[in-house]
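Engineer: Can you read through this structure? Questions will come right after.
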Amino acid sequence: MEEKLSIAKEMLAKYGQEHVLNFYQELSKEEQNKMLDEILTMDFKQLETLYQSTKTKPNFENSKIEPIPYVAKADLTNEEMEKYAKIGKEAIKQGKLAVVTMAGGQGTRLGHSGPKGTYDIGLASHKSIFEILCDNLKQAKEKYHVDIPWYLMTSDENNADTIAFFEKNQYFGYPKSAVQFFIQGKLPMIDTNGKILLDENGMMKQAADGHGGVFEAMRRNGVLYNMKEKGIEWIFISGVDNILAKFVDPVFLGLQIEKNMQTASKSVVKAYAEEKVGVFCKRDGKPSVIEYSEISKELAEARDEKGRFLLGDANIVNHQFHINLLEKISVEKLPYHVAFKKANYKNEKGEMIEATEPNAYKFEAFLFDIFSYVPDMLVFRVKREEEFAPVKNATGKDSPETAKELYENFHHIQ
Ligand code: UTP
């Protein structure tokens with residue numbers, strides 16, 4: 001251990017992060033060991049590059065940004081709907097579909113103390129978000145007589161609480177054997193001077209590495225292998241925070257199979273220029289998404305000759321992939337994007353500082369950066385009121401209150 005400590009000290013000194021060991025002596029032997037392992041396996045060079053990246057804004061000026069072609073559900077004829085539904089149902093019944101829910105986010109905007117999926121949005125049934133989502137799979141089980149495997153991506157921070165919640169609620173009546181959890185990767189959070197923050201235990205404060213971490217985490221945790229063993233071909237991936245997400249959609253799946261696309265995503269028409277959603281586009285001829293935090297005002301507001309948003313297809317984090325693509329992509333490194341967030345930390349005097357304003361950089365890979373690896377994708381434009389009820393903020397727009405109303409309207413609950 002002494003040797004490990006001296007190498008760790010050397011590494012930290014090289015990168016100006018000596019303060020990381022400030023509370024080392026107060027840690028238990030086990031924690032000390034864990035900390036040294038974390039330091040020794042940390043890519044400080046990468047962290048330095050990431051810190052430098054906080055000083056520049058993403059720039060799309062040198063890229064050619066164009067609208068992306070889409071298929072609107074509303075434009076499909078009854079015959080087309082039936083045809084695609086038949087193809088999709090066949091694949092579902094043959095057990096070729098699996099669902100992944102990304103629930104590793106911090107949910108800082110909602111401010112709920114537990115994992116976001118455990119939140120009760122106030123329905124009369126008091127179903128949690130996880131239970132609402134699970135209803136999708138219970139209904140599919142009844143309709144298609146298959147237990148669609150459900151994989152939930154958690155983070156180091158919320159994995160234990162998530163599993164405990166599922167256990168306590170007996171997996172909401174869905175077979176436990178069909179549910180699997182896996183933990184995503186993490187990266188340290190740094191302050192505005194590039195220094196790694198420490199948590200309440202005096203350890204490095206690490207945060208989930210973004211929803212783009214999902215592919216690598218699926219490989220590292222054997223999820224892709226497990227899917228292959230089960231004969232899964234199609235993987236629907238969505239966030240935990242859209243309570244109208246349609247996990248099992250035969251038309252969407254059938255259309256994707258028919259069009260022979262390894263990647264497909266659902267979109268809804270962007271409601272207003274500054275809506276906090278990413279938008280689909282073509283960037284230098286490749287499918288892409290520009291996140292709301294990275295788009296310029298001009299581009300967000302740009303309209304076409306008919307007065308519609310030029311980039312009007314909002315990303316609702318409903319994606320479907322062929323397993324072959326995920327196997328290929330899971331060994332690639334997606335780029336990291338910078339987020340400026342509130343993070344409590346332990347200062348040099350050992351006092352816990354409660355952040356009231358954003359104070360720390362977090363680095364996140366975005367799932368949609370995978371699109372640059374495919375020549376083309378299917379964007380399926382669906383109706384907002386049928387498939388999009390996000391729970392992001394504690395109050396106001398995209399809050400439990402607005403999501404509840406959308407959910408109740410869709411399900412005709414008075
Ligand atoms: P958001 O981008 O809304 O982030 O995630 P968030 O962390 O949940 O919320 P805020 O920004 O802190 O308020 C979109 C989806 O991606 C998942 C989230 O759980 C959510 O379902 N996600 C996000 C992960 O699984 N891991 C991550 O590292 C980030």
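The values are calculated or read from the model by the stated rules, or taken from the named source; none is laboratory data. Remember, it's a predicted structure, so these values are computed and weren't measured experimentally. All Cβ positions, even for glycine, are placed from backbone atoms using ideal geometry, and neighbour counts span all protein chains on display.
Engineer: Can you tell which of ASN315, ASN359 is within 15 Å of the chain's Cα centre (by Cα) and either surrounded by 16 or more Cβ atoms within 10 Å (Cβ to Cβ) or within 30 Å of LEU21 (Cβ to Cβ) (or both)?
Structural biologist: Being within 15 Å of the chain's Cα centre (by Cα) and either surrounded by 16 or more Cβ atoms within 10 Å (Cβ to Cβ) or within 30 Å of LEU21 (Cβ to Cβ) (or both) holds for just one of ASN315, ASN359, which is ASN315.
Engineer: In the stretch 317-335, what residues are in contact with a Gly (Cβ under 7 Å, 6 or more places away or on another chain) and in a strand (DSSP E or B)?
Structural biologist: Of all residues in the stretch 317-335, those in contact with a Gly (Cβ under 7 Å, 6 or more places away or on another chain) come to 317, 334.
Across the stretch 317-335, the qualifying residue is only VAL317.
Engineer: In the stretch 160-197, what residues are among the aliphatic types (A, V, I, L, M), assigned to a helix (DSSP H, G or I) and farther than 18 Å from ILE235 by Cα?
Structural biologist: Of everything in the stretch 160-197, those that are among the aliphatic types (A, V, I, L, M), assigned to a helix (DSSP H, G or I) and farther than 18 Å from ILE235 by Cα turn out to be ALA160, ILE163, ALA164.
Engineer: Among the residues of the stretch 303-322, is any at positive phi and among the β-branched types (Val, Ile, Thr)?
Structural biologist: The answer is yes, given that some residue of the stretch 303-322 is at positive phi and among the β-branched types (Val, Ile, Thr).
Engineer: Quick check on my filter: what residues within the stretch 99-129 are within 15 Å of the ligand (Cβ to nearest atom) and among the small types (Gly, Ala, Ser)?
Structural biologist: Passing the criteria: ALA103, GLY104, GLY105, GLY107, GLY111, SER113, GLY114, GLY117, SER128.
Engineer: Regarding PHE321, is this residue within 16 Å of the ligand (Cβ to nearest atom) and at pLDDT 95 or above?
Structural biologist: Answer is yes for this residue.
So that you can scan it fast, the table gives a plain yes or no per residue for (1) more than 21 Å from VAL146 (Cα to Cα); (2) surrounded by 22 or more Cβ atoms within 10 Å (Cβ to Cβ); (3) under 16 Å from the mean Cα position of the chain (by Cα):
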{"residue": "MET203", "(1), (2), (3)": "yes, no, no"}
{"residue": "GLN206", "(1), (2), (3)": "yes, no, no"}
{"residue": "GLY213", "(1), (2), (3)": "yes, yes, yes"}
{"residue": "MET218", "(1), (2), (3)": "yes, yes, yes"}
{"residue": "ASN226", "(1), (2), (3)": "no, no, no"}
{"residue": "LYS230", "(1), (2), (3)": "no, no, no"}
{"residue": "ALA245", "(1), (2), (3)": "no, yes, yes"}
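Engineer: Name the pairs: first residue in the stretch 168-196 and more than 24 Å from VAL99 (Cβ to Cβ), second residue of a type in the set (Asp, Glu) and within 16 Å of the ligand (Cβ to nearest atom), Cβ to Cβ under 8 Å, at least 6 apart or on different chains?
Structural biologist: Every condition considered, the pairs that remain are LEU187/ASP209.
Engineer: Take the stretch 356-400 and flag every residue that is within 29 Å of GLY122 (Cα to Cα), of a type in the set (Asp, Glu) and more than 16 Å from the ligand (Cβ to nearest atom).
Structural biologist: Scanning the stretch 356-400 gives GLU385, GLU386.
Engineer: Given the options ALA339, ALA300, ALA314, ALA343, name the one that is within 15 Å of the ligand (Cβ to nearest atom), of a type in the set (A, V, I, L, M) and not in a strand (DSSP E or B).
Structural biologist: The match here is ALA343.
Engineer: Here's another thing I want to ask about it. Those residues that are within 16 Å of the ligand (Cβ to nearest atom) and either under 30 Å from LYS259 (Cβ atoms) or β-branched (Val, Ile, Thr) (or both), I need them from the stretch 220-245; list them, please.
Structural biologist: VAL223, ILE235, PHE236, ILE237, SER238, GLY239, VAL240, ASP241, ASN242, ILE243, LEU244, ALA245
Engineer: Out of (1) assigned to a helix (DSSP H, G or I); (2) touching a Lys or Arg at 6+ places or on another chain (Cβ under 8 Å); (3) within 14 Å of the ligand (Cβ to nearest atom); (4) of a type outside the set (Asp, Glu), the odd one out for ILE132 is which?
Structural biologist: With respect to (1) assigned to a helix (DSSP H, G or I); (2) touching a Lys or Arg at 6+ places or on another chain (Cβ under 8 Å); (3) within 14 Å of the ligand (Cβ to nearest atom); (4) of a type outside the set (Asp, Glu), ILE132 is out only on (2).
Engineer: Looking at the stretch 1-116, what helices (runs of 4 or more DSSP H) fall wholly within it and have at least 1 residues that are under 29 Å from GLU364 (Cβ atoms)?
Structural biologist: Counting at least 1 such residues, we get 2-14, 29-40, 44-53.
Engineer: Of everything in the stretch 141-159 that's among the acidic types (Asp, Glu) and assigned to a loop (DSSP other than H, G, I, E, B), which residue is farthest from GLY213 (Cα to Cα)? Don't jump to the end; show me each part of the working.
Structural biologist: Applying the first criterion (among the acidic types (Asp, Glu)) to the stretch 141-159 yields 142, 147, 156-157.
Applying the additional criterion that residues be assigned to a loop (DSSP other than H, G, I, E, B) yields 147, 156-157.
Numbers: ASP147: 26, ASP156: 13, GLU157: 15 Å.
Here the answer is ASP147.
Engineer: Oh, and also: Would you confirm, using the coordinates I've provided, whether VAL279 is within 16 Å of the ligand (Cβ to nearest atom), without any contact (Cβ under 8 Å) to a residue 40 or more places away in the chain and among the hydrophobic types (A, V, I, L, M, F, W, C)?
Structural biologist: It is true that VAL279 is within 16 Å of the ligand (Cβ to nearest atom), without any contact (Cβ under 8 Å) to a residue 40 or more places away in the chain and among the hydrophobic types (A, V, I, L, M, F, W, C).
Engineer: Can you spot a residue in the stretch 197-204 that is closer than 27 Å to LYS342 by Cα, within 16 Å of the ligand (Cβ to nearest atom) and of a type in the set (Gly, Ala, Ser)?
Structural biologist: No; the residues of the stretch 197-204 include none that is closer than 27 Å to LYS342 by Cα, within 16 Å of the ligand (Cβ to nearest atom) and of a type in the set (Gly, Ala, Ser).
Engineer: Show the residue pairs that are 6+ apart or on different chains and have beta-carbon atoms under 6 Å apart, the first residue being within the stretch 375-389 and under 18 Å from ASN136 (Cα atoms), the second being part of a loop (DSSP other than H, G, I, E, B) and of a type in the set (Val, Ile, Thr).
Structural biologist: ALA389/ILE243
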